[in-house]
Amino acid sequence: MKNLRLAVLLSGSGTTLENFFVLKEQGKLPAEVALVIGSRPDAYGLKRAKARGVPTAVVERKRFVLPEEFSEAIFAALEPVKPDLVCLAGFLSLLKIPPAYEHRVINIHPALLPSFGGKGYYGNKVHEAVLKAGCKVAGCTVHFVDNEYDHGPIIAQRSVPVLESDSTERLAQRVQEAEREVYPEVIRLFAAGRLKVEGRKVRILPE
Ligand code: GAR
């Protein structure tokens, strides 16, 4: 299996990135994180990357007006790194994907898309909405990123139960445990060349 060059884009605490580092150390992730880009200079995930000696960059969302301008700056910062795959890991800004990166940018979202996705649905806001709606199951989705929030072709999903005793934090923790399994699994499938996009559908090719 190919060892991927990964770029990771984040806006927050970076526990998703940390999981990649831990799995890499355990030999369970066929990928090297070559660059981490933060959309905010104070994103704690940047500190996690630096602590591991991984190069970082900041492309501040608030310096740009349009998502197109911001995206251009992001993909310009990625270009020298030539990543095989770009992973969004708690990245909260809309991206416009250039043709060269189509089906090479993936995201994890803490809900079973297409429910509870789109602008404003991120982190604990998603779990609060799931609890408020009285859902009996929750979960997470890994999908290719297109030019809309939480919209591109779905690659994999994991469901978890919603319990009557759940608080936002307890549900978030259960969903995040599922995220820590499914996101690396998708990266392994990508590295193995087993993801085939057919319109809105992603086929997982046999080994
Ligand atoms: C994760 O739960 C991820 O699913 C979610 O943000 C968290 C990031 O945590 N992403 C979204 O809500 C994207 N719409 P982290 O910063 O600790 O990795």
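The values are calculated or read from the model by the stated rules, or taken from the named source; none is laboratory data. Note that the coordinates shown come from a computational prediction; the quantities given were computed from them, not determined experimentally. All Cβ positions, even for glycine, are placed from backbone atoms using ideal geometry, and neighbour counts span all protein chains on display. Keep in mind that these areas ignore ligands, DNA and RNA; they rest on the heavy atoms of the full protein, side chains included. Shrake-Rupley method; radii C 1.70, N 1.55, O 1.52, S 1.80 Å.
Worth a mention:
- Boolean, T56 is more than 13 Å from the ligand (Cβ to nearest atom) and either modelled with pLDDT of 95 or more or closer than 25 Å to G123 by Cα (or both): yes
- In the range 121-147, of all residues being of a type in the set (G, A, S) and not in a helix (DSSP H, G or I), the one that is farthest from the ligand (Cβ to nearest atom) corresponds to G134.
- Restricting A43, A51 to those that are at pLDDT 95 or above and open to solvent by less than 30 Å² (accessible area, probe 1.4 Å) reduces the list to A43.
- Residue ID - nearest to the ligand (Cβ to nearest atom), chosen from residues in the range 106-120 that are over 19 Å from S167 (Cβ atoms) and open to solvent by 20 Å² or more (accessible area, probe 1.4 Å): G117
- Some residue of the range 71-90 being buried (at least 21 other Cβ atoms within 10 Å of the Cβ), out of contact with any strand residue (DSSP E or B) (no Cβ under 6 Å at 6 or more places or on another chain) and either touching a residue at least 40 places away in the same chain (Cβ under 8 Å) or assigned to a helix (DSSP H, G or I) (or both): yes
- Total residues in the range 148-163, condition away from the ligand (no atom under 12 Å from the Cβ), open to solvent by less than 50 Å² (accessible area, probe 1.4 Å) and either part of a strand (DSSP E or B) or under 23 Å from L10 (Cα atoms) (or both): 5
- Selection within the range 164-183 - open to solvent by less than 100 Å² (accessible area, probe 1.4 Å) and within 13 Å of the ligand (Cβ to nearest atom): T168, L171, A172, R174, V175, Q176, A178, E179, R180, V182, Y183
- Restricting attention to the range 8-40 and to residues that are away from the ligand (no atom under 15 Å from the Cβ) and touching a strand residue (DSSP E or B) at 6+ places or on another chain (Cβ under 8 Å), the residue that is nearest to L92 (Cα to Cα) turns out to be L35.
- Residues in the range 188-207 that are open to solvent by 70 Å² or more (accessible area, probe 1.4 Å), in a loop (DSSP other than H, G, I, E, B) and under 16 Å from G152 (Cβ atoms): R200 alone.
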